[in-house]
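The values are calculated or read from the model by the stated rules, or taken from the named source; none is laboratory data. Owing to the predicted nature of the structure, the values given are computational and were not obtained by experimental measurement. Cβ: placed from backbone, ideal geometry, glycine included. Neighbour counts: every protein chain shown. Surface accessibility is based on the protein's heavy atoms, side chains included, excluding ligands, DNA and RNA. Shrake-Rupley method; radii C 1.70, N 1.55, O 1.52, S 1.80 Å.
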Amino acid sequence: MIVERVTLGERSYDVVVGAGARHRLAAMIPARARRAAVVTQAGVGVEVDAGIESQVFTVGEGEGAKALSTVEHLCRSFAAWGLTRADVVVAVGGGLVTDVAGFAAAVYHRGVDVVHVATTLLAQVDAAIGGKTGVNLPEGKNLVGAFWQPTAVLCDTEVLATLPERELRSGRGEMAKYRFLGVEDLVHLPLDERVAACVRIKADVVASDERESGRRAVLNYGHTLAHALETAGGYDLRHGEAVAIGLVFAAELALRLGRIDADRVAEHRALVAAYDLPSTLPPGSDHGELMTQFTRDKKALGALTFVLDGPSGVEVVPDVPVDAVSDALVAIT
Ligand code: GLY
């Protein structure tokens with residue numbers, strides 16, 4: 001087992017990575033907790049033993065379940081069961097489950113402890129770590145939420161073997177961004193070590209900028225285009241697939257701004273190809289609509305701000321000229 005620590009003062013916690021990590025759950029339950037509310041989805045199929053009295057609460061599948069109504073339903077179910085402020089929520093699933101259960105834990109009794117058991121690659125390298133929780137509104141994704149750090153995260157690489165190939169591939173898209181944030185070998189290391197290397201970077205970034213007032217935005221590398229595609233909707237793309245296209249786009253954009261050279265762009269393309277992920281926009285993509293979405297991205301500090309690679313590494317770059325953005329879109333069409 002590999003243990004990485006997210007260092008945040010009294011809110012510091014361990015992320016345990018390895019085959020069978022879920023069996024460490026009982027040891028991670030805060031000592032004062034008498035009951036564990038286990039939040040999962042029917043399709044997850046991963047059983048956990050919290051070592052204390054537990055009850056399973058399921059949430060629905062799909063983005064529609066990532067709603068305030070689900071949080072209300074969970075909190076009412078917790079109350080009906082008698083979950084107290086001293087007890088614990090255990091989220092077992094992918095990013096949707098950790099986002100929703102984490103937010104319910106953040107607001108129930110004004111905050112109860114939560115442990116995440118991440119069962120998808122995407123959640124293990126990103127969503128379950130760093131304390132971002134929340135739900136969507138009809139007006140936009142992740143518009144309501146809270147920073148609520150878990151008390152531990154278990155990334156069980158054994159359960160990844162049961163994931164559909166497309167779900168795994170999507171996780172690899174999120175993983176790929178870490179190659180450009182500092183993980184040297186993302187393709188040849190054993191899976192546990194690759195996941196742990198990504199976790200280490202995320203833990204370091206979160207420790208330095210928990211509330212995303214600056215550096216944490218680098219974790220959104222490749223995400224500006226991904227969010228634009230997801231918000232525009234109508235494409236058959238998983239999140240990590242959209243991020244992969246977004247990484248190639250970001251490289252092409254950085255090239256046009258003179259921030260990186262053609263070899264570095266080729267590195268982006270080669271990694272995305274090695275992971276069997278797409279590097280071009282879906283057929284029929286509307287460049288005008290994507291440009292409109294770029295100016296609305298909630299991560300943008302001003303008009304046309306991107307997270308781009310460069311001589312000092314990946315960083316937030318404001319005031320990117322519109323022409324360069326259009327050219328980069330053409331380069332991935
Ligand atoms: N997924 C980006 C972050 O946690 O900041």
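A few comments on the model shown:
- Which numbered condition H239 fails, given (1) within 11 Å of the ligand (Cβ to nearest atom); (2) open to solvent by 30 Å² or more (accessible area, probe 1.4 Å); (3) out of contact with any Ser or Thr (no Cβ under 8 Å at 6 or more places or on another chain): (3)
- The single residue among V100, V107, V115, V144 that is away from the ligand (no atom under 15 Å from the Cβ), outside any loop (DSSP other than H, G, I, E, B), open to solvent by 50 Å² or more (accessible area, probe 1.4 Å) and β-branched (V, I, T) turns out to be V107.
- G131 satisfies every condition listed in (1) away from the ligand (no atom under 15 Å from the Cβ); (2) on the phi > 0 side of the Ramachandran plot; (3) within 15 Å of the chain's Cα centre (by Cα); (4) not β-branched (V, I, T) except (1).
- Close pairs from the stretch 106-131: first over 16 Å from F147 (Cα atoms), partner in a helix (DSSP H, G or I) and away from the ligand (no atom under 16 Å from the Cβ), Cβ under 7 Å, at least 6 apart: V117/R22; V117/L25; T119/V159; T120/E167; L121/L160; L121/L168
One line per residue, one yes/no per condition, for (1) open to solvent by 10 Å² or more (accessible area, probe 1.4 Å); (2) at negative phi; (3) without any contact (Cβ under 8 Å) to a residue 24 or more places away in the chain:
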| position | (1), (2), (3) |
| --- | --- |
| E252 | yes, yes, no |
| R256 | yes, yes, no |
| I260 | yes, yes, no |
| A266 | yes, yes, yes |
| V272 | no, yes, no |
| D276 | yes, no, no |
| P282 | yes, yes, no |
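- For the stretch 147-163, filtering for residues that are open to solvent by 60 Å² or more (accessible area, probe 1.4 Å) and under 17 Å from V88 (Cβ atoms) leaves 1.
- Taken over the stretch 169-196, the criterion of being part of a helix (DSSP H, G or I), open to solvent by less than 10 Å² (accessible area, probe 1.4 Å) and away from the ligand (no atom under 16 Å from the Cβ) is satisfied by A196 alone.
- Failed criterion for E10 (all others in (1) closer than 16 Å to P150 by Cβ; (2) open to solvent by less than 80 Å² (accessible area, probe 1.4 Å); (3) free of Cβ contacts under 8 Å to residues at least 24 places away in the same chain hold): (2)
- Any hit, the stretch 72-88, residues being within 30 Å of A228 (Cβ to Cβ) and either surrounded by 19 or more Cβ atoms within 10 Å (Cβ to Cβ) or not aliphatic (A, V, I, L, M) (or both): no
- Filter result for S326 (assigned to a loop (DSSP other than H, G, I, E, B), at pLDDT 90 or above and surrounded by 12 or more Cβ atoms within 10 Å (Cβ to Cβ)): no
- Any hit, the stretch 61-83, residues being under 17 Å from R34 (Cα atoms) and within 16 Å of the ligand (Cβ to nearest atom): no
- Residues satisfying the stated conditions in the stretch 126-140, i.e. open to solvent by 20 Å² or more (accessible area, probe 1.4 Å) and either closer than 16 Å to S170 by Cβ or assigned to a loop (DSSP other than H, G, I, E, B) (or both): D126, A127, P138, E139
- Residue that is nearest to the ligand (Cβ to nearest atom) [pool: residues in the stretch 211-229 that are touching a helix residue (DSSP H, G or I) at 6+ places or on another chain (Cβ under 9 Å) and open to solvent by 30 Å² or more (accessible area, probe 1.4 Å)]: E212
- A123 passes every criterion in (1) within 16 Å of the ligand (Cβ to nearest atom); (2) hydrophobic (A, V, I, L, M, F, W, C); (3) open to solvent by 10 Å² or more (accessible area, probe 1.4 Å); (4) modelled with pLDDT of 95 or more apart from (3).
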